[in-house]
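The values are calculated or read from the model by the stated rules, or taken from the named source; none is laboratory data. Note that the structure is a prediction, hence the values are computed from the model and not measured. Reconstructed Cβ throughout: ideal geometry from the backbone, glycine too, with neighbour counts over all protein chains shown. The protein model used for the area step is the full one, side chains on, heavy atoms only, and it has no ligands, DNA or RNA in it. Shrake-Rupley method; radii C 1.70, N 1.55, O 1.52, S 1.80 Å.
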Amino acid sequence: MGCGKAPVYPSQDPFGISTLLETLEAARDKMLPQLAERRIAFLSRQHDRYVSTFRMCQAGRENLFTADPKNVQAMLATQFKDFGLGDTRRNVAGPVVGHGIFTTDGEDWSRSRSLLRPQFTRDQMSNLDREERHVQNAMRAIPMLSDGWSSEVDIQSILFRLTLDSATEFLFGKSCESQIAATKQEAGQASDDTFLYGFDRCMWYLAERLRFERLYWIIHNQEFRKCIDTVHGFVDKYVHSALLQAQQQEEKAQGNEKVTSQYIFLQALTGTTRDPVRLRDESLNVLLAGRDTTASLLSWTILLLARHPHIFARLRCDIIKKFGTYDQPSTMDFAALKSCQYLQHFLNETLRLYPVVPFNRRCATNDTTLPRGGGNDGTSPIYIRKGRTVMYSTYVLHRRKDIWGEDAEVFNPDRWAGRKVTWEYIPFNGGPRTCIGQQFALMRASYVLVRLLQRFDKIEDVHSDREIRYGVSLTSCPADPVTVRLHQAKMEL
């Protein structure tokens, strides 16, 4: 088949235990994305060329690693049928998210995707009234001082609660109101945040299980099981309510309850299945995407704005011109947010340097090839046997200097002016499994940013000299609290 072998990243033992320990140490130090770059730099020096694709043994399994856009395109699009998610993801994530869009292949995946699609129509995305209520709750969580500045606040925790409240409302028709609960707790009142803790710990455990490859089953302690029970119990309450409502609507065609005019994911799902476990699984799959990804993106944007005051000033100026001030805003909808060019360039650049999903993987469903990475010069195709895992790094791909230029690691939204990209930029993946919530996530992030920059005219990073570290679970957010001070703009008369 004209294939060549890819370089091998060395392990100190035949089972790849040293590689696993190296990975676990980088994860503990919150420097996992940089480890991938270091491995590529090591092999590039060794082979006297840029090595973007290599073999690596970790925890007893040899995988392929790539940051080559041609290989990514093959897996996600042109050879889509040759690659699936594989058993590893199902085994690792199954105890938490079960059988849903992020763990299935083939017809099961197609069914899940068609089930989710109605949530992401243009009409659904243009409904921003619901989002505004959660934004206002977030604003109230920022304590303001008499001099116009806020006190030091970890805005990342506020953003994660905002997206959780918003996600639970559009999924279940009722928000969990975590922001209000946290505000009460800070005021000395009792608050139950066990779901938040359990959900975050579950995501950490899933990431750790993934790193152990076929030894994933080692990571299954009492805390993990308790957190799973907490998360399942939380969603089961919504499922029970949706099933009850579906039954009541069947029994009384003109039921007592007013039928909601907006699409609610869980209610729509009861028209397809009444299996409570399936309903919980699909809901949890979407909750993971709806909450963590948008919150991570927003956390990165605020950190970057705090560290680049000239970009903050320019973006705020554009926002005020287009959308008015905080107390006198003009109409905002999907089209208006999309047409705010510098805002979209800013989000693109954030997702380039700090992709929300820095690593991903596919598994060969039959014997196949990838177009590049083999042979002495790395241009020959590579043979991939059935069952072989191929990991790919969005983080590394987005920072390749031979693709993005010598300033690839510089944060510069202006690089997007007139730029058209293909497979060198994949923050939402690509091909048939492109994230169906892409525009929804970007719109929500855009709206929150607009409202924040309308209200505040200055932002300070309290720890501006601190090195940026990465909290990588299934998604990636700043590892350290995004502690900022915000200055409130004077109200317009």
Residue match in region 316-332 (condition: loosely packed, with under 15 Cβ neighbours inside 10 Å, out of contact with any helix residue (DSSP H, G or I) (no Cβ under 7 Å at 6 or more places or on another chain), over 30 Å from residue 243 (Cβ atoms) and in contact (Cβ under 8 Å) with a residue 24 or more places away in the chain): yes
Out of the helices (runs of 4 or more DSSP H) lying entirely within region 134-250, which hold 3 or more residues that are open to solvent by 50 Å² or more (accessible area, probe 1.4 Å) and under 30 Å from residue 306 (Cα atoms)? 178-186, 194-211
The number of residues in region 1-33 that are surrounded by fewer than 19 Cβ atoms within 10 Å (Cβ to Cβ) and either free of Cβ contacts under 8 Å to residues at least 12 places away in the same chain or of a type in the set (Asp, Glu) (or both) is 9
Positions within region 467-489 being over 19 Å from residue 151 (Cβ atoms), surrounded by 19 or more Cβ atoms within 10 Å (Cβ to Cβ) and among the hydrophobic types (A, V, I, L, M, F, W, C), in sequence order: 472, 474, 477
Within region 429-442, work out how many residues are open to solvent by less than 20 Å² (accessible area, probe 1.4 Å) and part of a loop (DSSP other than H, G, I, E, B). 2
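Given the options 392, 383, name the one that is surrounded by fewer than 20 Cβ atoms within 10 Å (Cβ to Cβ), among the hydroxyl-bearing types (Ser, Thr, Tyr) and assigned to a strand (DSSP E or B).
Working: 392 fails: surrounded by fewer than 20 Cβ atoms within 10 Å (Cβ to Cβ).
On inspection, the qualifying residue turns out to be 383.
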Could you say which residue among 299, 283 is among the small types (Gly, Ala, Ser), in a helix (DSSP H, G or I), under 30 Å from residue 465 (Cα atoms) and in contact with a helix residue (DSSP H, G or I) (Cβ under 7 Å, 6 or more places away or on another chain)? 299
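Among the residues of region 361-374, write down those that are in contact with a helix residue (DSSP H, G or I) (Cβ under 7 Å, 6 or more places away or on another chain) and surrounded by 20 or more Cβ atoms within 10 Å (Cβ to Cβ). Explain how you work it out, then say what you get.
At the first step, the residues of region 361-374 found to be in contact with a helix residue (DSSP H, G or I) (Cβ under 7 Å, 6 or more places away or on another chain) are 362-366, 368, 370-373.
Hits for region 361-374 are 362, 363, 364, 368, 370, 372, 373.
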For region 435-455, what are the residues that are among the β-branched types (Val, Ile, Thr) and at pLDDT 90 or above? 448, 450
State all residues of region 357-370 that are farther than 28 Å from residue 474 by Cβ and touching a residue at least 40 places away in the same chain (Cβ under 8 Å); if no residue qualifies, say none. 369
Could you grab the pairs with beta carbons closer than 6 Å, sequence gap of 6+ or different chains, first residue in region 219-247 and under 14 Å from residue 275 (Cα atoms), second one surrounded by fewer than 17 Cβ atoms within 10 Å (Cβ to Cβ)? 239/276
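So which residues in region 401-413 are out of contact with any helix residue (DSSP H, G or I) (no Cβ under 7 Å at 6 or more places or on another chain) and either in a helix (DSSP H, G or I) or open to solvent by less than 70 Å² (accessible area, probe 1.4 Å) (or both)? Break it down into steps so the answer makes sense when it comes.
Of the residues in region 401-413, the ones out of contact with any helix residue (DSSP H, G or I) (no Cβ under 7 Å at 6 or more places or on another chain) are 401-407, 409-410.
If the condition is that a residue be out of contact with any helix residue (DSSP H, G or I) (no Cβ under 7 Å at 6 or more places or on another chain) and either in a helix (DSSP H, G or I) or open to solvent by less than 70 Å² (accessible area, probe 1.4 Å) (or both), then 401, 402, 403, 404, 405, 407 are the ones that fit.
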Filter region 293-311 for residues that are open to solvent by 10 Å² or more (accessible area, probe 1.4 Å) and not basic (Lys, Arg); which is nearest to residue 202 (Cα to Cα)? 293
Starting from residues that are open to solvent by 10 Å² or more (accessible area, probe 1.4 Å) and either in a loop (DSSP other than H, G, I, E, B) or in contact with a Gly (Cβ under 6 Å, 6 or more places away or on another chain) (or both), keep the ones in region 39-57 and report whichever is nearest to residue 221 (Cα to Cα). 57
Candidate set from region 414-428 (those that are open to solvent by 40 Å² or more (accessible area, probe 1.4 Å) and of a type outside the set (A, V, I, L, M, F, W, C)); member that is nearest to residue 112 (Cα to Cα): 422
Exactly one of these conditions fails for residue 464: (1) open to solvent by 60 Å² or more (accessible area, probe 1.4 Å); (2) of a type in the set (Gly, Ala, Ser); (3) under 21 Å from residue 160 (Cβ atoms). Give me its number. (3)
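Of all residues in region 265-290, which are of a type in the set (D, E, K, R), open to solvent by 60 Å² or more (accessible area, probe 1.4 Å) and in contact (Cβ under 8 Å) with a residue 40 or more places away in the chain? Can you show your working first?
Let us first name the residues in region 265-290 that are of a type in the set (D, E, K, R), namely 274-275, 278, 280-282.
Retained after the next criterion (residues that are open to solvent by 60 Å² or more (accessible area, probe 1.4 Å)): 274-275, 278.
278, the sole residue that qualifies.
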Flagged in region 333-354 as open to solvent by 10 Å² or more (accessible area, probe 1.4 Å) and either in contact with a helix residue (DSSP H, G or I) (Cβ under 7 Å, 6 or more places away or on another chain) or in a helix (DSSP H, G or I) (or both), in numbering order, are 334, 335, 336, 338, 339, 341, 342, 344, 345, 348, 354
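Among the residues of region 443-458, write down those that are over 14 Å from residue 138 (Cβ atoms) and open to solvent by 20 Å² or more (accessible area, probe 1.4 Å). Let's see the steps before the verdict.
First, pick out the residues of region 443-458 that are over 14 Å from residue 138 (Cβ atoms): 443, 446, 457-458.
Once the filter is applied, which keeps residues that are over 14 Å from residue 138 (Cβ atoms) and open to solvent by 20 Å² or more (accessible area, probe 1.4 Å), region 443-458 yields 457, 458.
Within region 1-36, can you find the residues that are among the polar types (S, T, N, Q) and in contact with a Leu (Cβ under 8 Å, 6 or more places away or on another chain)?
Taking region 1-36 as the starting set, the residues that turn out to be among the polar types (S, T, N, Q) are 11-12, 18-19, 23, 34.
The one that is among the polar types (S, T, N, Q) and in contact with a Leu (Cβ under 8 Å, 6 or more places away or on another chain): 23.
Among the listed residues 94, 106, 98, which satisfies the condition of being in contact with a Ser or Thr (Cβ under 7 Å, 6 or more places away or on another chain), open to solvent by 10 Å² or more (accessible area, probe 1.4 Å) and among the small types (Gly, Ala, Ser)? Write out each step before concluding.
Working: 106 fails: in contact with a Ser or Thr (Cβ under 7 Å, 6 or more places away or on another chain); 98 fails: in contact with a Ser or Thr (Cβ under 7 Å, 6 or more places away or on another chain).
Being in contact with a Ser or Thr (Cβ under 7 Å, 6 or more places away or on another chain), open to solvent by 10 Å² or more (accessible area, probe 1.4 Å) and among the small types (Gly, Ala, Ser) holds for just one of 94, 106, 98, which is 94.
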